[in-house]
1. Determine, for TRP32, TRP73, the number of other Cβ atoms within 10 Å of each Cβ, and report the residues in order from fewest to most.
2. For the chain, what is the largest minus smallest coordinate of the Cα atoms on each principal axis, given in angstrom and ordered from greatest to least?
3. Using a 10 Å cut-off around each Cβ, can you sort ILE129, ILE103, ILE2, ILE55 from fewest to most neighbouring Cβ atoms?
4. Note down the nm distance, to one decimal, between modelled labels 7 Å out along Cα→Cβ at VAL26 and at ARG77.
5. Taking amide hydrogens as modeled 1.01 Å from N in the peptide plane, which residues meet the under 5 Å criterion relative to ALA71, leaving out close sequence neighbours?
6. Taking the Cα centre as origin and putting +1 on Lys and Arg beta-carbons and -1 on Asp and Glu beta-carbons, what dipole magnitude results for the chain, to the nearest 20 debye?
7. How fast does segment 7-86 diffuse by Stokes-Einstein, in µm²/s, taking the Kirkwood radius from C-alpha pairs at 37 °C and 0.692 mPa s?
Amino acid sequence: MIVARRKLKSPWADHQWLPVGALPDVPATAPWTRLGGGPAEETFYAGAHEVGLHISETGHYRDNLVSGRPALWVALRHVGGDAYEIATVTADPYEGEALAEGIGEIVEAVPMPEPVQAVVAAFVEAFHIERSFEKRKRDRADPEALARRGIVGPRGGGSE
């Protein structure tokens with residue numbers, strides 16, 4: 001994963017970390033190696049992270065692939081000082097959306113590299129089972145069951 005350290009013009013923080021890219025393979029570079037940049041932004045190789053694929057989520061992966069902009073959602077977790085770690089990487093857009101709603105992690109969608117797209121597409125092809133949506137019908141309410149019944153007992157005027 002590639003992350004950027006961007007300078008900010010803010011009284012509260014002087015920089016921010018953001019995931020900006022994904023690599024298709026693990027390079028022969030140590031994590032947190034500086035890749036380049038200038039005074040406003042520096043990029044770093046943050047390390048590798050496995051993207052787990054689950055058979056029950058193939059429909060979500062397919063939605064991602066056909067979206068026109070396939071993406072991976074990368075979450076960075078603060079571990080102390082100015083240090084961060086890759087918390088998770090997912091190809092499931094709905095999981096990525098849920099990650100973004102959390103507090104404490106930096107979550108960004110980054111473009112999915114073509115070799116990763118090919119692996120995800122092959123996984124969907126091999127394991128996707130189309131499930132038809134069946135709308136359930138509610139049981140009709142019994143109006144007699146909802147009718148007011150007389151109260152039985154000393155205060156209700158019923159028989160004792």
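1. Values: TRP32 13, TRP73 25.
Exposure proxy ranking, most exposed first: TRP32, TRP73.
2. Extents along the principal axes, in whole Å: 90, 48, 24.
3. Values: ILE129 8, ILE103 4, ILE2 16, ILE55 11.
Going from least to most buried by this count: ILE103, ILE129, ILE55, ILE2.
4. 1.9
5. Excluding prolines and chain starts, which carry no amide H, the hits are MET112.
6. Values: 17 positive and 23 negative charges, 144 e Å.
It works out to roughly 680 debye.
7. Values: Rh = 15.3 Å.
The Stokes-Einstein estimate is 215 µm²/s.
Every number here is computed from the coordinates shown, using simple stated rules; none is lab data. Please read these numbers as outputs of a predicted model, since none were measured by experiment. Here the Cβ is made from the backbone with ideal geometry for all residues, glycine too, and neighbour counts use every protein chain on show.
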